[in-house]
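Coordinate-derived values only; no laboratory data. These figures come from a predicted structure and were not determined experimentally. All Cβ positions, glycine included, derive from the backbone under ideal geometry; neighbour counts span all protein chains shown.
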């Protein structure tokens, strides 16, 4: 397994040219199930296991869990801003630096898992009721210098969850330190 595969085990997110109702439903289903999926993977992990990395120089399992809570909170806010403002400019954040803060280095992931559970329950209510006009609403992400639609962002966050679930699987399979690169 090469380092690029370890970094992007499911590949990089590529927005489709055409969005179908079936694809959007699949993505929403993945967002809905993410808290259950990540909780299942991390259930009963020891502190040692929570500190395993998925690649050399990568985050630990606990940092991934805490990052997903942080990232998905930001995503939810971007959805709400897009639904209530005219093409808002969202605020980026330094995810790498957030991953080094005390809360992201905590061996107790229970708070982030609870946050994900509640946040995704609330987010799911919003996602399941979106109509076509809302799916086409946009926001500007200044870090990327472009507009993103809500439907594109749904795909991006379905991918994001699966991307980090794959990281956790890799860390567990490799016991955090045995990399064949």
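Computed quantities for the displayed model
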{"item": "The chain: angle of helix 150-173 to the longest principal axis, Cα-based, in degrees nearest 10", "result": "10 degrees"}
{"item": "Normalised contact order of the chain, rounded percent, pairs of Cα under 8 Å and 6 or more residues apart", "result": "40 percent"}
{"item": "Folded to 0 to 90 degrees: helix 110-128 orientation relative to the chain principal axis, Cα", "result": "20 degrees"}
{"item": "Tail weight of P(r) past 23 Å, computed on alpha-carbon pairs of the chain, percent", "result": "43 percent"}
{"item": "Relative contact order %, segment 128-181, counting alpha carbon pairs below 8 Å whose residues are six or more apart", "result": "20 percent"}
{"item": "Segment 102-181-segment 25-40 distance, computed between alpha-carbon centres (Å)", "result": "10 Å"}
{"item": "Helix-only mean residue ellipticity at 222 nm for the chain, each DSSP H run of n ≥ 4 adding -39500 (n - 2.57), per residue, nearest 500", "result": "-18500 deg cm²/dmol"}
{"item": "Rotationally averaged projected area of segment 33-82 (alpha carbon convex hull; nm²)", "result": "4.2 nm²"}
{"item": "With Cα atoms, 0 to 90° folded angle of helix 61-84 axis to the chain main axis", "result": "10 degrees"}
{"item": "98, 123 arranged by Cβ crowding within 10 Å, fewest neighbours leading", "result": "98, 123"}
